[in-house]
Amino acid sequence: MKTTQTILFDGVFNFCTASVMFIIRRDRNAVFRFTAIQSESGRKLLNAVNVAPESIQSIVLVSDGAVYIRSDAALKIAEQMDFPWNLLFAFRILPRGFRDWLYSMVSKHLESGEFFGSGFAGMKSEAGLELGKF
């Protein structure tokens with residue numbers, strides 16, 4: 001039986017939407033589904049796993065009821081990707097506090113949109129929708 005895995009992302013934050021497109025392009029086995037945290041389905045899913053949607057400002061992975069947030073989510077997602085991306089899971093040995101701090105620093109640095117597109121609205125014509133990933 002295939003595991004249900006949904007990645008919830010901030011549909012406004014450019015780094016999150018760019019990360020979603022990165023994952024979609026490398027999700028050859030169609031492991032992941034995606035929804036914006038701000039969407040109705042995103043809010044319902046977070047409520048179902050007892051996470052307040054308004055408290056989330058990062059990527060979230062819900063995998064068969066288990067919830068992974070920030071660096072835990074990023075590393076769990078990487079673990080399921082093809083080589084060489086799955087090697088990133090080795091960073092799990094670092095303390096969560098340090099990993100989450102590093103995750104926050106990277107995302108804050110990239111938040112300006114200087115490196116990524118204009119958010120979820122710009123993704124609608126991208127591969128994910130055509131592949132039924134949303």
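Which shape class, rounded, prolate or oblate, goes with the range 5-118 when its Cα gyration tensor gives a ≥ b ≥ c as root eigenvalues, a/c under 1.5 marks rounded, and past that a/b bigger than b/c marks prolate? Don't skip to the answer; put the middle values down first.
Numbers: a/c = 1.21, a/b = 1.10, b/c = 1.10.
Note, shape of the range 5-118 comes out rounded.
Can you list the HN-Hα couplings for the range 61-78, worked out from phi with the Karplus curve (6.51, -1.76, 1.60; θ = phi - 60°), rounded to whole Hz and with x for Gly and Pro?
Once θ is set to phi - 60°, the couplings for the range 61-78 become 10, 10, 10, 6, x, 7, 10, 10, 10, 6, 5, 4, 5, 4, 6, 5, 5, 4 Hz.
Give the shape of the range 6-63 as rounded, prolate or oblate, defined through the alpha-carbon gyration tensor: a ≥ b ≥ c are the square roots of its eigenvalues, a/c under 1.5 means rounded, and otherwise the shape is prolate if a/b is larger than b/c and oblate if not. Each step should come with its number before you reach the end.
Numbers: a/c = 2.43, a/b = 1.43, b/c = 1.70.
Here the range 6-63 falls in the oblate category.
Set the Förster distance to 25 Å, then compute FRET efficiency between LEU102 and PHE22 from the Cβ-Cβ distance, nearest 0.05. Please report the intermediate quantities before stating the final value.
On the way: r = 18 Å, r/R0 = 0.71.
Calculated transfer efficiency: 0.90.
Return the distance in nm (one decimal) between the two label points of a simple spin-label model at HIS109 and GLU79, each offset 7 Å from Cα along Cα→Cβ.
Once both label points are built, they end up 2.6 nm from each other.
We did not get these values from a lab; they are worked out from the coordinates using the rules stated. Source: prediction; values computed, not measured. Cβ atoms come from the backbone with ideal geometry, glycine included; neighbour counts cover every protein chain shown.
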